[in-house]
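Below is one structure, written out as structure tokens; the observations come after it.
The values are calculated or read from the model by the stated rules, or taken from the named source; none is laboratory data. Fair warning: this is a prediction, and the values are worked out from it, not measured in the lab. Here the Cβ positions follow ideal geometry from the backbone for every residue, glycine too, while neighbour counts run over all protein chains shown. SASA here: full protein model, heavy atoms, side chains in, ligands and nucleic acids out. Shrake-Rupley method; radii C 1.70, N 1.55, O 1.52, S 1.80 Å.
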Amino acid sequence: MSAAAAAHTYFHCCPAGAEPEQLLDPTRQFTEPWGAADHGRCDKCGTSGGTLYECRSCLEAGPRSDCPACQGRVRFRETCPACLGDGQIDHTRRAGIAVFPTREGLYRYLAEKNARVEGRTVVELEGRFSEERDLDADAGALLLFPERIVGASPLDAEAIAAIRAR
């Protein structure tokens, strides 16, 4: 993955009441796990160091060879993004904002995580990629240093409910 995120936009979910402009503040451009930052034995890969990646954007919208998360491979095995291959989680604060290449991928991820979606906002961003991997890179999440907000709209809770119902 190149350092530039040229000409593509990416999608991020903001909590209810958050100001999307805060995403442009370099002092706030980091990602941490939902809930407690668990350290120790990696539960994602079972300490094997590798895991199955399934790009939610390409699963939901169809494979694209220009997908920055999977290059159209959709499903593949690679180094575990949580433990970075050593079987132990000890680095959970990552540089960059978690984004998905498509709105559909973000929605599928939120549906699978059974995330609360009421009152949330989806922000479309442009920026440059972080050198780090998102903890959920195996779901197609990328880390971005946002440089421009392209748009913001209410999250479509009905779309997520439809994904959950499948």
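Details
- Computed magnitude of the charge dipole of the chain (debye, nearest 20; Cβ of K, R +1, Cβ of D, E -1): 400 debye
- Ranked by the mean number of other Cβ atoms within 10 Å per residue, highest first, peptides 132-144, 50-62, 85-97 order as 132-144, 50-62, 85-97.
- Gain on full stretching of the segment that runs from Asp90 to Gln71 - 0.36 nm per residue minus C-alpha separation: 4.0 nm
- Cβ-isolated cysteines (cut-off 4.7 Å), the chain: Cys13, Cys14, Cys67
- Efficiency of FRET between Ala61 and Arg128 - r from beta-carbon atoms, R0 25 angstrom, step 0.05: 0.60
- In terms of its C-alpha gyration tensor, segment 77-166 has an oblate overall shape, because the principal axis ratio a/c (a ≥ b ≥ c, square roots of the eigenvalues) is not below 1.5 and a/b does not outweigh b/c.
- Value of [θ]222 nm, deg cm²/dmol, for the chain, DSSP H segments ≥ 4, -39500 (n - 2.57) each, nearest 500: -4000 deg cm²/dmol
- Here segment 1-160 exposes an accessible surface that is 47 percent carbon and sulfur, computed with a 1.4 Å probe and the other protein chains kept in place.
- Surface analysis of segment 76-165 yields an accessible area of 45 Å² per residue, using protein heavy atoms and a 1.4 Å probe.
- Rounded to the nearest 10 Å², the accessible area of Val150 at probe 1.4 Å: 60 Å²
- Theoretical FRET efficiency, 1/(1+(r/R0)^6), r = Cβ-Cβ of Ala16 and Lys44, R0 22 Å, to 0.05: 0.20
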